[in-house]
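The values are calculated or read from the model by the stated rules, or taken from the named source; none is laboratory data. Not measured: the values here are computed from a predicted model. FYI the Cβ positions are ideal-geometry reconstructions off the backbone, even for glycines, and counts take in every protein chain you see.
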Amino acid sequence: MSHANAALTPRQRLRMARLIVDDRWPISQAARQFNCSWPTAKRWAERYAAMGEDGMQDRSSRPHRNPNRTPQRLVRKIVHLRWKKRLGPVAIGAKVGMPASTVHAVLTRCRLNRLSHVDKRTGEVVRRYEHDKPGAMIHVDVKKLGNIPDGGGWRYLGKQQGGKNRAATVGAGRSKRRQPLVGTAFVHTVIDDHSRVAYAEIHADEQAVTAVGVLRRAVSWFAARGITVERVLSDNGSAYKSHLWRDTCTELNITPKKTRPYRPQTNGKIERFHRTLADGWAFSRFYASESARRNALPAWLHEYNHHRPHTAIGSKPPISRLTNLAGQYT
């Protein structure tokens, strides 16, 4: 492969080959003139004689045939074991009688070397989708989080002190085992499929009335930023299967869509957002109370929408896909 400082670039090869073929220079003399070996000069001269100027370009070093290549029959068996059994190279190699390194090479060639490339339930290659414009589809879901007791929770203070804080929290209820309960925060999240711009509210339940209220406010929030919502994708939770949800979608001129039962991968964008939400906001630092954590949500959402790079959209923040509306976005 030629490079910037190569002695024989395609232009130099052509000059040397013309001296040998056209001007009848001895190969040894041309080799000394261009500071290369005799076989090298002969090779380029023969290529020039056979192919002309086009023969001076680099060729692929890939062999025309590989008699030791893994037979297609074994490749299919390796892929089948990877998809259906989720086996690694060592286990597959033991079953098919091949070295684990060879199995790994086959899996890499078939883009199956990482289990994240295949669906966990079906074993099929993951099929990703994205709508072509903001508002074409929004994803909705609810993330449940245990409330933080006054004084902080067990994640940062340990089980013993966390339990004491739970018991001392004003208004804490009691479970069937007489354990103190501080309640649950239901984070209703909405994310745009194309831009990944997110909207979230925290409520005390996940009832249909609450979900519908969040949908109405989210649609207004997106509309204020120039986005018209056309479809909404949800799981099969009771709130999203209710008549109230259906009627509200009809009123807002939105087509409701449902995921297949027990298939959260279909709604994977918002599932992944919930993981980011938990790591970046809910459990990212010590909160002395639940109100402190809830007060931190708007600032984190702004950071996520405006500044946090998103790998699925070219390591740019979600707002970058709404550049024509950036001046209106708050």
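Remarks
- Within the stretch 241-252, residues that are assigned by TED's automatic domain parsing to the domain that holds residue 206 have Cβ atoms under 8 Å from residues that are β-branched (Val, Ile, Thr) and outside any helix (DSSP H, G or I) in these pairs: 249/232; 249/255; 252/229, counting only partners at least 6 apart in sequence or on another chain.
- Looking across the stretch 29-42, the residues that are surrounded by 13 or more Cβ atoms within 10 Å (Cβ to Cβ) and part of a helix (DSSP H, G or I) come down to 30, 31, 33, 38, 40, 41, 42.
- Condition broken by residue 275, with the remaining ones in (1) closer than 19 Å to residue 187 by Cβ; (2) basic (Lys, Arg); (3) touching a residue at least 40 places away in the same chain (Cβ under 8 Å) satisfied: (3)
- Condition check for residue 239 on (1) under 25 Å from the mean Cα position of the chain (by Cα); (2) closer than 19 Å to residue 191 by Cβ: one failure, at (1).
- If you go through the stretch 235-274 and keep only what is within 15 Å of residue 209 (Cα to Cα) and of a type outside the set (D, E, K, R), you end up with 237, 238, 239, 240, 242, 243, 244, 245, 248, 249.
- Counting only residues that are surrounded by 10 or more Cβ atoms within 10 Å (Cβ to Cβ) and either polar (S, T, N, Q) or in contact (Cβ under 8 Å) with a residue 24 or more places away in the chain (or both), the stretch 71-85 holds 7 of them.
- Across the stretch 268-317, the number of residues qualifying as farther than 25 Å from residue 149 by Cα and outside any helix (DSSP H, G or I) comes to 8.
- With a requirement of 1 or more residues that are of a type in the set (S, T, N, Q), the strands (runs of 3 or more DSSP E) lying completely within the stretch 190-263 that satisfy it span 231-234, 255-258.
- Flag for residue 306 being of a type outside the set (Gly, Ala, Ser) and in contact (Cβ under 8 Å) with a residue 60 or more places away in the chain: no
- Listed by first and then second residue, the pairs linking a residue in the stretch 42-70 that is farther than 13 Å from residue 11 by Cα to a residue that is among the polar types (S, T, N, Q) and assigned to a helix (DSSP H, G or I), with Cβ atoms under 7 Å apart and 6 or more places separating them unless they lie on different chains, are 70/102.
Residue by residue, here is whether (1) under 19 Å from residue 318 (Cα atoms); (2) touching a Pro at 6+ places or on another chain (Cβ under 6 Å); (3) surrounded by fewer than 20 Cβ atoms within 10 Å (Cβ to Cβ) holds:
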position	(1), (2), (3)
189	yes, no, no
196	yes, yes, no
202	no, no, yes
213	no, no, yes
221	yes, no, yes
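- Candidate set from the stretch 224-274 (those that are buried (at least 18 other Cβ atoms within 10 Å of the Cβ) and touching a Gly at 6+ places or on another chain (Cβ under 8 Å)); member that is modelled with the highest pLDDT: 229
- Identity of the residue in the stretch 43-98, farther than 30 Å from residue 28 by Cβ and of a type in the set (Gly, Ala, Ser), that ends up nearest to the chain's Cα centre (by Cα): 88
- Of the residues in the stretch 46-53, at least one is exposed (fewer than 14 other Cβ atoms within 10 Å of the Cβ), modelled with pLDDT of 90 or more, outside any loop (DSSP other than H, G, I, E, B) and touching a helix residue (DSSP H, G or I) at 6+ places or on another chain (Cβ under 7 Å).
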